[in-house]
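Take a look at the structure below.
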Amino acid sequence: MLFAADRSLELLELSAESSALQREWQSMAGLVPTLGPGAYCVLFELDVELTIETGRLGSVSYAAGAYAYVGSAMKGISARLPHHLRPPKRPHWHMDYLRPKGRPTAIVVAESDLQVECAIARHLDNGFTVVRDFGSSDCRCAGHLFHGKDPGALLGASVEAVEAIGCRALVITPPVAGDWEKAVRDGVADSAQA
């Protein structure tokens with residue numbers, strides 16, 4: 001009986017942590033300025049190693065650390081990012097399975113009328129561990145999710161990748177790292193930085 005009580009407490013703690021992460025992601029939506037077509041990197045951290053059923057990829061193990069997911073939004077980045085910043089009603093993309101488990105750290109945006117998503121992914125593939133086939137079912141890339149131990153290095157590399165393909169990198173971060181909800185509550189509407 002004690003085991004059952006301990007298990008209930010553990011499930012309750014996991015549920016509370018999940019709710020807090022959902023609030024962090026949702027509150028970030030208010031920080032996204034109006035943006036045209038292009039590509040983006042959603043950066044987040046996992047505190048612990050997780051194994052998650054990830055759509056057609058099946059069961060995938062994700063190491064603790066920093067991640068960057070590279071996506072495209074040719075109909076407008078402002079239209080696509082809200083999908084990644086709120087809880088998915090029904091998972092559609094690989095990212096929908098993993099993102100709710102991570103803590104958001106930044107978004108790097110590359111506005112462009114050209115398809116630049118794969119070019120950014122190729123740059124990140126040179127210095128970070130790629131999660132094979134993640135987010136790349138419609139291209140020939142090894143994957144569009146990258147893992148590293150150092151969040152700052154992954155953010156810097158994401159900015160460098162965007163600039164290396166001739167785009168201006170727009171970095172969206174909270175005013176106080178990890179406190180998205182406070183930023184929105186305090187009325188910070190746009191903390192985009194060039």
Collect the residues in the stretch 117-137 that are touching a helix residue (DSSP H, G or I) at 6+ places or on another chain (Cβ under 6 Å) and within 17 Å of GLU163 (Cβ to Cβ), keeping them in residue-number order.
ILE120, HIS123, LEU124, GLY127
Output the residue which, of all residues in the stretch 130-152 that are surrounded by fewer than 21 Cβ atoms within 10 Å (Cβ to Cβ) and in contact (Cβ under 8 Å) with a residue 60 or more places away in the chain, is nearest to LYS75 (Cα to Cα).
SER137
Could you look through the stretch 41-61, keep only residues that are in a helix (DSSP H, G or I) and either at pLDDT 90 or above or of a type outside the set (Gly, Ala, Ser) (or both), and pick out the one that is nearest to PHE134 (Cα to Cα)?
LEU57
Give the residues of the stretch 105-162 that are under 26 Å from GLY58 (Cα atoms), more than 17 Å from the chain's Cα centre (by Cα) and part of a loop (DSSP other than H, G, I, E, B), sorted by residue number.
ASN126, GLY127, SER137, ASP138, CYS139, ARG140, CYS141, ALA142
Residues being closer than 21 Å to SER137 by Cα and touching a residue at least 24 places away in the same chain (Cβ under 8 Å): count how many of those fall in the stretch 51-89.
22
Which of (1) of a type outside the set (Ser, Thr, Tyr); (2) modelled with pLDDT of 85 or more; (3) in a loop (DSSP other than H, G, I, E, B); (4) closer than 17 Å to HIS144 by Cα does HIS92 not meet, given it meets every other one?
(2)
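The values are calculated or read from the model by the stated rules, or taken from the named source; none is laboratory data. Predicted model only: the values in this text are computed from it and were never measured. All Cβ positions, glycine included, derive from the backbone under ideal geometry; neighbour counts span all protein chains shown.
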